[in-house]
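These notes concern the structure reproduced below.
The values are calculated or read from the model by the stated rules, or taken from the named source; none is laboratory data. The shown structure was predicted, so the numbers you read here are calculated from the model rather than taken from an experiment. Cβ coordinates were reconstructed from backbone atoms using ideal geometry, including for glycine residues, and neighbour counts include every protein chain displayed.
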Protein chains: 2
Amino acid sequence: MGDKPNDVEPENNAATSNGEAGVGGGATVDKGVDFAQYFCTYAFLYHQKEMLSDRVRMDAYYNAIFQNKHHFQGKTVLDVGTGSGILAIWSAQAGARKVYAVEATKMTEHARTLVAANNLQDVVEVIEGSMEEVTLPEKVDVIISEWMGYFLLRESMFDSVICARDRWLKPTGVISSLARVIYGLISGDDDIRYPSHARMWMAPIRSGLGDKKINDYEGAMDDWYSFVKETKTVYGVDMSVLTKPFSEEQKKYYLQAKNAIKFMQTSMWSNLHPQQVIGTAAAVKEIDCSTDTVDDILKVRSTILSSITGGCTRLCGFGGWFDVHFRGSKEDPAQKEIELTTAPSIDNGTHWGQQVFLFYPPISVSEGDNLNVSFSMNRSKENHRLMDIELSGEIKQSSGEALPSFRNRFYVE
Amino acid sequence: MGDKPNDVEPENNAATSNGEAGVGGGATVDKGVDFAQYFCTYAFLYHQKEMLSDRVRMDAYYNAIFQNKHHFQGKTVLDVGTGSGILAIWSAQAGARKVYAVEATKMTEHARTLVAANNLQDVVEVIEGSMEEVTLPEKVDVIISEWMGYFLLRESMFDSVICARDRWLKPTGVISSLARVIYGLISGDDDIRYPSHARMWMAPIRSGLGDKKINDYEGAMDDWYSFVKETKTVYGVDMSVLTKPFSEEQKKYYLQAKNAIKFMQTSMWSNLHPQQVIGTAAAVKEIDCSTDTVDDILKVRSTILSSITGGCTRLCGFGGWFDVHFRGSKEDPAQKEIELTTAPSIDNGTHWGQQVFLFYPPISVSEGDNLNVSFSMNRSKENHRLMDIELSGEIKQSSGEALPSFRNRFYVE
């Protein structure tokens, strides 16, 4: 004996009684469980600092606000998920008349302290509660929020922004839901204009991550074979019959197989070098923030058409990222248009990085080979804030010959 | 946004409805929660392999069985918490007539496979269930178990061995509850003799672990100060007001402070070099396995008297370990007496290692200084399988002068 129970991974499938989180799609999760699993993370200053230290993120929001002050001056603003309160504080500094800063976690205490330390307590009102449940004293002119998760939609927080928009934005109000994409103007219920767009991208990549994981797995198996030999020799017990279940357990661990039978892997965070992208990138989803509802983002279906551009190389899988634009609207364009991209970059990496979806084994490809891949994304059946992704397709070589087709399932957790 | 909910530590405090695990002391935990938190770990072959690769542990049990075959030949044996089944298999190989191998986790499936692969299916019967709930077809002559957790009593599994003894051992049966200490002979309800003893040891130590953790903490704070400066300069927001809560959060993280206000730290696993032990070791608990009940191990109170032996050095805290002996009984002594110790060792380290209880800051001490420390251990109020420890005391220098007294609380989790 002598093993720590805390080695055990937290499970995401508990769901019991009263209160369900999430608007739709995927398994709705008990509110308390959702708080413990999801919101809780944001209650740590360390995590807030990580986001506040992301210069690409910070610059995009800072410039979007201060280079477009006319959207804030004298306005009422709602910040959805204010965290430490930074966007609320900037909105106030840019001239907002009143800012409601809504946050579900105890981070509200720090946000209030920060607001007061920056002498904005008369403008910024920090409200603790979930966006779906709080009541504001008035409707607002502007909604601001940084809601983007890994690969844009992880966390499903955009649902809360949509909820805020539908409940609390004045019919004629300006929405500048700052994030990767939202910045807009509403001039009527039937004429909600989100002039900006969010896009999700996928591109074929090469990566050493898979090799490392296969090496780790093979090392674990080498170790197992020595163990079996020694246990037989020294202690007289034949353990070889457990080789197969041990191998399956280790595959799950090292190769991120979520389910050994279906071989569903979890995707991984990576900070890709641009040269690891070996083919053209394809947009798999474009979100029009002026019109999109939760239904529009529940399921994403797309076809990835991509050509290999990197000479003879190995297709190790796909990389996924997103960008958002703050463009204002046709009638009220941004004075300065801002883009926030999380694409592979040498100097401008973000804490979002990219999600990588690896194939085992890699596939040999050459310049000019064409990929035709069906992309399908749903909310996870286990947790509405996580996602299941399927990539199935084929590769036609430049010679015209087709490589064997593939079908891989991933879990963005 | 963009943080993983799985970063969040699993909590140990959930407790709800039907079925409670644990006999007494500390918070009893819901059976389902107990299974998820505790037993679940043992359902991984990787963890079983780790224990099966511990040569010190394996040799002690192997020798205790095969050098004392007369305790097994023709006997009925009960293995409490059989795991992969190794002790049950050895018992059968040593000549047992029948072995009942009880295990609470799905590891039973692998144990059954292993038993069959070693042609012992007619002797070893693997039974899935908790020791407290299973029914055996007969009473047994011998109980065997490896029940020891970190610092002996973590996991509180000895409770289950006591339960097995009281319910399933023949009044006149032989008990050889192999672990760190149990091996015995029972010759009547009122004359249960466990000839072996388990002991818990504590000794003053020096350790670089605390320095490393303080350095990490100080590095995190340096990083924070740069962040505060940059956020003010570049983004016009003063974050300095959050320095204190950030510092507290980081102290909790790096210095293992379980509770920042009470400053209760968690103890740490370590594989101490014998030279890191800077004073005489003191036994803080001796368990007489022939007579002890759960009540005898619920609370441990002792006084640690120790003299510094290592010249001028730093008292960084205490190291705790245990040993167990398989001595048989007076009437039926072991043919070969076996000891299993987890004391600091260069060549014979175990997977249990030692638990270290660190002081911040360390205290300067010299050869001949005398420590007089009250040791108090209770089961945790949050989880009966974990423990709270308090060390309070004073140091009298060889000159006769007393250093300031100390009082530190720790959590063995």
Determine whether B:Gly85 is more than 7 Å from chain A (Cβ to nearest Cβ) and buried (at least 22 other Cβ atoms within 10 Å of the Cβ). yes
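Going by the conditions given, is A:Ile127 part of a strand (DSSP E or B), over 23 Å from A:Asn63 (Cα atoms) and away from chain B (no Cβ under 13 Å)?
Working: part of a strand (DSSP E or B): yes; over 23 Å from A:Asn63 (Cα atoms): yes; away from chain B (no Cβ under 13 Å): yes.
For A:Ile127, the condition - part of a strand (DSSP E or B), over 23 Å from A:Asn63 (Cα atoms) and away from chain B (no Cβ under 13 Å) - is met.
Of the residues that sit in the stretch B:290-328 and are among the β-branched types (Val, Ile, Thr) and in a strand (DSSP E or B), which one is farthest from B:Ile65 (Cα to Cα)? So that I can check it myself, show each step before the final result.
Residues of the stretch B:290-328 among the β-branched types (Val, Ile, Thr): B:291, B:293-294, B:297, B:300, B:303-304, B:308-309, B:313, B:324.
Filter again for in a strand (DSSP E or B), leaving B:300, B:303-304, B:308, B:313, B:324.
Working: B:Val300: 31, B:Thr303: 35, B:Ile304: 34, B:Ile308: 39, B:Thr313: 43, B:Val324: 15 Å.
Residue satisfying both the conditions and the ranking: B:Thr313.
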Residue count for the stretch A:110-134, restricted to those that are in contact with a helix residue (DSSP H, G or I) (Cβ under 8 Å, 6 or more places away or on another chain) and either farther than 14 Å from A:Gln93 by Cα or touching a residue at least 12 places away in the same chain (Cβ under 8 Å) (or both): 15
Could you list, in sequence order, all residues of the stretch B:197-225 that are closer than 22 Å to B:Glu248 by Cα, surrounded by 20 or more Cβ atoms within 10 Å (Cβ to Cβ) and within 14 Å of chain A (Cβ to nearest Cβ)? B:Trp224
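A quick yes/no check of all residues on (1) under 19 Å from A:Cys312 (Cβ atoms); (2) in contact with a Ser or Thr (Cβ under 7 Å, 6 or more places away or on another chain); (3) of a type in the set (Phe, Trp, Tyr); (4) touching a residue at least 40 places away in the same chain (Cβ under 8 Å):
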| position | (1), (2), (3), (4) |
| --- | --- |
| A:Phe357 | no, yes, yes, yes |
| A:Ser366 | yes, yes, no, yes |
| A:Phe375 | no, yes, yes, yes |
| A:Arg385 | no, yes, no, yes |
| A:Lys396 | yes, no, no, no |
| A:Glu401 | yes, no, no, no |
| A:Pro404 | yes, no, no, no |
| A:Arg407 | no, yes, no, no |
| A:Phe410 | no, yes, yes, yes |
For the stretch B:99-119, indicate whether the set of residues that are over 15 Å from A:Asp238 (Cα atoms), out of contact with any Leu (no Cβ under 8 Å at 6 or more places or on another chain), away from every other protein chain (no Cβ under 13 Å) and among the acidic types (Asp, Glu) is non-empty. no
Only listed residue being within 27 Å of A:Asp288 (Cβ to Cβ) and in contact with a Gly (Cβ under 6 Å, 6 or more places away or on another chain), chosen from A:His351, A:His325: A:His351
What is the one condition in (1) closer than 24 Å to A:Arg327 by Cβ; (2) surrounded by fewer than 21 Cβ atoms within 10 Å (Cβ to Cβ); (3) more than 10 Å from chain B (Cβ to nearest Cβ) that A:Phe66 does not satisfy? (3)
So A:Val324 clears everything in (1) more than 14 Å from chain B (Cβ to nearest Cβ); (2) surrounded by 15 or more Cβ atoms within 10 Å (Cβ to Cβ); (3) among the β-branched types (Val, Ile, Thr) except one condition, right? Which one? (1)
How many residues are surrounded by fewer than 20 Cβ atoms within 10 Å (Cβ to Cβ) and either within 19 Å of B:Ala101 (Cβ to Cβ) or of a type in the set (A, V, I, L, M) (or both) when one looks only at the stretch B:45-57? 1
Pick from the stretch B:226-246 the residues that are without any contact (Cβ under 8 Å) to a residue 12 or more places away in the chain and more than 7 Å from chain A (Cβ to nearest Cβ): which of them is farthest from A:Asn63 (Cα to Cα)? B:Lys244
Among the residues of the stretch A:143-150, are any buried (at least 22 other Cβ atoms within 10 Å of the Cβ), modelled with pLDDT of 85 or more, of a type in the set (Phe, Trp, Tyr) and part of a loop (DSSP other than H, G, I, E, B)? yes
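Can you pull out the residues in the stretch A:52-107 that are aromatic (Phe, Trp, Tyr) and either more than 22 Å from A:Cys40 (Cα to Cα) or under 20 Å from the mean Cα position of the chain (by Cα) (or both)? Spell out how you get there, then give the answer.
Initial filter on the stretch A:52-107 (aromatic (Phe, Trp, Tyr)): A:61-62, A:66, A:72, A:90, A:100.
Matches in the stretch A:52-107: A:Tyr61, A:Tyr62, A:Phe66, A:Phe72, A:Trp90.
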